[in-house]
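Taking it in order: structure first as structure tokens, then the write-up.
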Amino acid sequence: MPATRSRALVLGHDKKLALLAMTRFEDTHEFVRLHAATASPTPPVGPELLRAVDRVMSDRPFSAVVATSESAMLAAGFVRSQYGLPGLGYEQVLIATNKWRMRTALRSVVRSPRAWLSGKFLRDEPPVPPEMAEVVIKPMASSAARGVRRMPIAQARAWLAARDDLWLVEEAVETQREFHCDGVFHEGRLSWAEASEYDRPVLRSHGTRSTSILRRNDSLRSALIDRSNRVVGGLGCREGVFHMEFLFDGTELFFGEVGLRPAGTGIAELIGIATGADLWASFVAAQLGRGSDGFSPKRQAADITGLIMARPTADGRLPLPAHKVRGLPGVVELGEGNLMRGAQPANMCEFEYLAFFEGLTREEIARVRQTVADVDVRPAGDDRRV
């Protein structure tokens with residue numbers, strides 16, 4: 001190990017996958033937590049953050065900033081812009097975290113739902129098309145569909161009129177299939193990407209759900225990779241990883257959203273199991289100013305590879321206990337959850353455990369998912385009724 005290592009400031013909570021990725025770089029970098037100098041892992045962008053970072057920089061300068069999650073990325077970009085450090089700057093991160101900036105920056109690059117700021121939508125500026133029956137209302141910054149609502153136009157106007165905060169309002173796409181693309185861009189160009197499909201659209205994904213890497217002969221696969229490439233070009237960023245969402249209404253493919261970090265809900269782990277790629281290592285490498293393409297896929301994913309996310313149903317029924325899942329057809333590995341058994345998930349990123357599978361047909365996946373989901377076992381003393 002070198003006597004002197006570069007220092008990297010870490011913003012965000014000590015997320016397990018981020019910490020594991022950082023161990024790959026411990027021979028060249030010392031990782032310093034901001035919360036050694038402040039009560040919060042990531043103070044909001046502003047004077048408090050600058051004061052905390054200045055204190056760390058004045059003690060011993062750092063040469064990079066590593067965000068461990070979506071919630072820390074804007075602050076990390078702000079600090080990089082302040083000090084001229086490598087990685088995504090504030091304006092670049094803003095496009096991928098502020099949903100209005102994302103829409104305005106990319107709508108000329110890729111087909112996207114029409115969108116309004118809530119104040120414009122309430123004042124009908126520009127006029128909402130008469131054929132539009134429903135809209136989707138989103139917080140200006142969020143992930144995992146937190147706070148996202150779909151409702152008819154009149155109800156949406158009434159709901160927004162009762163509030164004084166700012167929202168993004170989007171055309172509701174009649175989604176038949178929902179996809180995500182995950183991968184790496186290097187020197188401003190797409191390096192590699194993998195396309196996958198959720199078993200059903202996310203806004204209808206109550207209870208146990210799954211996602212599968214697309215077969216190579218799927219008719220939409222090439223279009224998804226092409227649109228991912230367009231989005232990467234439209235972002236104007238040099239190095240990093242991405243997670244993109246796409247909606248298909250049976251005719252048109254719409255760009256949903258993009259995050260410039262590894263996906264949650266086991267998707268990054270799935271790609272690692274299926275291909276040997278390490279999206280989290282690429283994410284950390286890009287933030288350290290190193291090439292993000294050094295952890296690329298080593299093999300092609302088997303048909304069909306995916307994961308099942310075990311979650312309680314809306315009426316409280318619990319999934320099959322994790323220890324009973326190992327023997328199910330095609331299950332090759334289990335992943336840890338972030339939800340205690342018996343608790344109800346608060347968002348789409350909370351689950352009891354993950355079951356990774358390989359080599360199943362679409363029908364077999366549905367049967368395994370149903371087996372995981374169709375159990376009514378509750379913790380002792382829990383007398384809730386179905």
Worksheet item: Quick one: is A133 open to solvent by 30 Å² or more (accessible area, probe 1.4 Å) and at pLDDT below 95?
Response: yes
Discussion item. For region 108-141, give me each residue that is more than 27 Å from A75 (Cα to Cα) and among the charged types (D, E, K, R).
Written reply: R111, R114, K120, R123, D124, E125, E131, E134
Discussion item. Scan region 256-268 and tell me whether some residue there is of a type in the set (K, R) and modelled with pLDDT of 95 or more.
Written reply: yes
Discussion item. Can you list residue pairs whose Cβ atoms sit under 7 Å apart, with the first residue in region 6-35 being within 15 Å of R290 (Cβ to Cβ) and touching a residue at least 24 places away in the same chain (Cβ under 8 Å) and the second being part of a helix (DSSP H, G or I) and open to solvent by less than 80 Å² (accessible area, probe 1.4 Å)? Count only pairs 6 or more apart in sequence or on different chains.
Written reply: A21/W280; A21/A281; A21/F283; A21/V284; M22/V284; R24/A281; F25/V284; F31/M22
Item to complete: Restrict the check to region 50-72 and report whether at least one residue is assigned to a helix (DSSP H, G or I), closer than 30 Å to A172 by Cα, open to solvent by less than 20 Å² (accessible area, probe 1.4 Å) and at pLDDT below 95.
Response: yes
Practice prompt. Starting from residues that are in contact (Cβ under 8 Å) with a residue 40 or more places away in the chain and among the basic types (K, R), keep the ones in region 102-119 and report whichever is least open to solvent (accessible area, probe 1.4 Å).
Written response: R103
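Conditions (1) modelled with pLDDT under 95; (2) under 30 Å from P345 (Cα atoms); (3) assigned to a helix (DSSP H, G or I), marked per residue:
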residue: R101; (1), (2), (3): no, yes, yes
residue: D124; (1), (2), (3): yes, no, no
residue: P129; (1), (2), (3): yes, no, no
residue: I137; (1), (2), (3): no, yes, no
residue: A144; (1), (2), (3): yes, yes, no
residue: G147; (1), (2), (3): yes, yes, no
residue: R150; (1), (2), (3): yes, yes, no
Item to complete: Pick out the one residue from A158, A162, A172 that is of a type outside the set (S, T, Y) and closer than 16 Å to L247 by Cβ.
Response: A172
Item to complete: Test T97 against the stated conditions and say whether it is of a type outside the set (A, V, I, L, M, F, W, C), within 24 Å of the chain's Cα centre (by Cα) and open to solvent by 30 Å² or more (accessible area, probe 1.4 Å).
Response: no
Worksheet item: Could we say that S81 is closer than 20 Å to E252 by Cα and in contact with a Gly (Cβ under 9 Å, 6 or more places away or on another chain) here?
Response: no
Worksheet entry | All positions within region 342-372 that are of a type in the set (K, R) and in contact with a Lys or Arg (Cβ under 9 Å, 6 or more places away or on another chain) | R369
Fill in: Residue check, E178 among the charged types (D, E, K, R), within 30 Å of A286 (Cα to Cα) and surrounded by 13 or more Cβ atoms within 10 Å (Cβ to Cβ)
yes
Discussion item. Cβ-Cβ distance below 7 Å, separation of 6 or more or different chains: which pairs start in region 227-255 with a residue that is under 16 Å from Y198 (Cβ atoms) and end on one that is in a strand (DSSP E or B) and open to solvent by 50 Å² or more (accessible area, probe 1.4 Å)?
Written reply: F248/R177
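The values are calculated or read from the model by the stated rules, or taken from the named source; none is laboratory data. Owing to the predicted nature of the structure, the values given are computational and were not obtained by experimental measurement. For neighbour counting, all protein chains shown are included, and Cβ atoms are generated from backbone atoms with ideal geometry for every residue, glycine included. The protein model used for the area step is the full one, side chains on, heavy atoms only, and it has no ligands, DNA or RNA in it. Shrake-Rupley method; radii C 1.70, N 1.55, O 1.52, S 1.80 Å.
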